[in-house]
2 protein chains.
Amino acid sequence: MTPLHDPPRFPRGFRCASRHVGLKASGLDLSLFASDVPATAAALFTRNHFPGAPIILGRERIRAGRLQAVVVNAKVSNVATGEEGVEHARRMGRAAALELGVAPELVLVSSTGVIGRRLPIEKIEAGLVGMADELGEDPRLGAEGIMTTDRVPKAFSMEVGGATLTVVGKGAGMIAPNLATMLVYFFTDAEVPAPELDALLREAARDSFQLLSVDTDTSTSDTVAILANGHAGRVDAADFLHGLRELSVRMAEAIGRDGEGATKLLRAQVTGAATAEEARLVARALVESPLIKTMAFGADPNVGRILMAVGKCVDCRIVPERVGARLQGLEVVRGGAAFPFDEPQLRSLLAGDPVDIEVELGVGSAEARAFGCDLTEGYIRENASYASS
Amino acid sequence: MTPLHDPPRFPRGFRCASRHVGLKASGLDLSLFASDVPATAAALFTRNHFPGAPIILGRERIRAGRLQAVVVNAKVSNVATGEEGVEHARRMGRAAALELGVAPELVLVSSTGVIGRRLPIEKIEAGLVGMADELGEDPRLGAEGIMTTDRVPKAFSMEVGGATLTVVGKGAGMIAPNLATMLVYFFTDAEVPAPELDALLREAARDSFQLLSVDTDTSTSDTVAILANGHAGRVDAADFLHGLRELSVRMAEAIGRDGEGATKLLRAQVTGAATAEEARLVARALVESPLIKTMAFGADPNVGRILMAVGKCVDCRIVPERVGARLQGLEVVRGGAAFPFDEPQLRSLLAGDPVDIEVELGVGSAEARAFGCDLTEGYIRENASYASS
């Protein structure tokens, strides 16, 4: 693994600011990220049929492949708000553009929080005034301003070739592939043309965010974007993709571990699948199974649930006698049947974080790794009263 | 709705008995159901790739379309137990056949409980001795002997034409379509040839058990079977199907309401879909969404989650502007956007049981109804330590 910067930092030319503008009762609720020059850009958005207003606007803006700033609010997602919602998203982008002195079409807008509530646009417009003077060098501050049910701000950075790559994200619940209830922004000073950036982003997301599931619910606000301002010049494309992949996995793991109510990261590695798609399906079935998630939480070695979850992928090519599995490195299934293991040892290993499940299907050579978290009473408590909290 | 018998009763010629044979620490754990003459029969089994040993045996036995008895144990599912498991299932069937004086191939065997543990076959064989003398008229006793995490025994009966139709079932967790962690047995004195019985059972299951989900996890033991001993002679096929459908829905609802940790039944009715398959997909997405399930538990009207769940069916034809939704009969979505509702009123309606969600897609005329339950801390508690409990 490439070493991460500690603390994380921005690539040359990128800065951010965060404020409390009155959307949450207390705490930061608005973040602004900006480059000193226009950057090439690419983005992926949710496939949910009810995209939020910022997604509708974002799809329009990303077509040109150029962005200079990102403005994000927490607490209200501006989803299912009709024409007025789209107008509010435009106003939010315009206010950020005015404050930064950049063209409105270079601003990507995101909102995250409760669905179906009117965006308090007046508070956001008023709150943005003067924020340009507060732009600073710490990406963790920007991460803090976009948190909803997240417990920790999520920002990481590393060197890729001669350039820096930084990622800032949020996400804790309503997270399932295509994409997840998450907002993730990459910033780099590498020089990468927009079409290439788009291809690299899709490639990196495929093995990270697209295989991340906290609760199988696909949000209406998901956004993964990357801005490249070119200050560090061209970098080797393979190096860059390698770094982008590493940082994507790092962020996917951070979001999984911070899943609503979660106490640990859950990872499922599937090997020997007939196709990559089948490897992904089985890996997702494992991290999404409520019975496996509760087993991870309870550290209770009910290994039959692994076979159950593999077996429920009824459309995948699975030959029971060839299936083997390991839990925290310990062999628990051989030839499709339960394999005797040292129960106290496994129980103690399961108490750790992360919980790793490895399944070998023995029918081909494709593999995939999916990310999730355990399922606890905390998820119930947070979500039984989220709208009113 | 056709009135149910109260208390439920068996059709002519069917009886059952239940005993504690030492599989559970206490409580009934073995049930025997028998007809006085051979019956025509049909059955559906799990599609999980790791079927339990009783499923392997059951598939073989149901081919002839004839059964006279069903023997079921709780606590150990005899799944992932290899060749020895299949031999144990055969021995269990033979012991029941010997006790009843019927041919072994006329006995259907089921086991439910923890996966990957050896079946204590000696206890079952010893426990069956003398059970024939205890056969009685109350189907609730048979239902009680097959409970695992179920809180209530599930048995219903009604008249269909001039015959009686009785259903006995269990199921609470690891329940998802194809089929569900459930065992359901129908008994009737109607005379129905086996191939016709098979077609009717599939038809009735399609709109009930195949649309029932407690936790999206598909069990390795699921069985739905029907035995028809003919004592009441031929009945009208349409009447019979109507009754079979009603009783299937009744049992699916009972299993949903008794879902692990659940406090209420959750139902989703989808209308105006492009195809029946899409209607089923959307209805399932609604009852399977953890965020909708926790909303039902918390009685917290976060209606945006309904749009989220409909919208995450990315492969269905959904036109946002045409989508409308009602929650407990109250309109909450119109034209794809949140529709103002009386919040205290909805909150109070949501505190009830069942919670009903109706979604009109407005793109076709197909419809479906799915069944599930709320998600509570109780589900976590039960499943974080099931193997060791």
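What follows draws every value from the coordinates through simple rules; no lab data is involved. Given the structure is predicted, the values throughout are model-derived calculations rather than measurements. When we count neighbours, we look across all protein chains shown, and the Cβ atoms used for this are built from the backbone with ideal geometry, even at glycine.
Binning the C-alpha pair distances of the stretch B:189-252 at 5 Å intervals from 0 yields a P(r) profile of 4, 16, 26, 25, 14, 8, 5, 2, 0 %, listed from the shortest bin outward.
Cysteines in chain B that lack a partner Cβ within the 4.7 Å cut-off: B:C16, B:C373.
The other copies place their B:K123 label points at 5.9 nm from this one, listed shortest first, where each point is 7 Å from Cα along Cα→Cβ. Pairs of lysines in chain A whose Cα atoms sit within less than 30 Å of one another amount to 20, provided the residues are eight or more positions apart or on different chains.
Radius of gyration (Cα atoms) of the stretch B:1-137, expressed as a multiple of 2.2 N^0.38 Å: 1.04. The rotation axis taking chain B to chain A passes closest to the C-beta of one chain B residue; that residue and the distance in whole Å read B:E377, 2. Placing a label point 7 Å from the Cα of B:R59 along the Cα-to-Cβ direction, the distances to the matching points in the other copies come to 4.3 nm, shortest first.
Here each label is just a point 7 Å from Cα along the line to Cβ, and for B:E331 and B:V152 those points are 3.5 nm apart. Expressed as a fraction of 2.2 N^0.38 Å, the value expected for a compact globular protein of N residues, the C-alpha radius of gyration of the stretch A:323-376 is 1.23.
Relative to the longest principal axis of the Cα atoms of chain B, the long axis of helix B:53-62 lies at roughly 80 degrees. Sites listed here are trypsin sites (Lys or Arg not before Pro) in the stretch B:1-85 whose DSSP assignment is loop and whose Cβ has at most 13 other Cβ atoms within 10 Å: B:R63.
Under the √(5λ) rule applied to the eigenvalues of the Cα gyration tensor, what semi-axes describe the equivalent ellipsoid of the stretch A:265-383? Give them in Å, descending.
23, 17, 11
Share of pairwise Cα-Cα distances greater than 23 Å in the stretch B:80-184 is 38 percent (whole percent).
Against chain A, whose longest principal axis is taken from its Cα atoms, helix A:194-206 shows a tilt of about 30°. Modelled spin labels at A:E196 and A:R59, positioned 7 Å past Cα toward Cβ, are 2.9 nm from each other.
The antiparallel fraction among DSSP beta bridges confined to the stretch A:265-383 stands at about 75%.
Once the Cβ-Cβ distance of A:S26 and A:A103 is raised to the sixth power relative to R0 = 30 Å, the FRET efficiency obtained is 0.30.
Once the gyration tensor of the Cα atoms in chain A is diagonalised, the equivalent ellipsoid follows with semi-axes of 38, 23, 18 Å, ordered largest first.
At 222 nm, what helix-only mean residue ellipticity would chain B give, in deg cm²/dmol to the nearest 500, using -39500 (n - 2.57) for each DSSP H run of four or more?
-9500 deg cm²/dmol
Per residue, the average separation of C-alpha pairs within less than 8 Å and at least 6 apart gives the stretch B:265-383 a relative contact order of 47 percent.
For the stretch B:14-257, what proportion of DSSP beta bridges, expressed in % and rounded to the nearest 5, is antiparallel?
Among the beta bridges of the stretch B:14-257, antiparallel pairing accounts for roughly 70 percent.
With its label point defined 7 Å out from Cα along the Cα-to-Cβ axis, B:R234 lies at 8.4 nm from the matching points of the other copies, in increasing order. Convex hull volume of the Cα atoms of the protein assembly as shown, normalised per residue: 141 Å³.
Shown here for the stretch B:100-152: trypsin sites (Lys or Arg not before Pro) in loop regions (DSSP other than H, G, I, E, B) with at most 16 other Cβ atoms within 10 Å, namely B:R118, B:R151.
Based on DSSP, what percent of beta bridges with both residues in the protein assembly as shown are antiparallel, to the nearest 5?
Here the antiparallel bridges make up roughly 70 percent for the protein assembly as shown.
Working from Cα pairs under 8 Å separated by at least six residues, relative contact order for chain B is 17 percent. Taking chain B as the reference, fit the longest principal axis to its C-alpha atoms, fit the long axis of helix B:237-257 to the helix C-alpha atoms, and give the angle between the two in degrees, 0 to 90, nearest 10. Once rounded, one gets 80 degrees.
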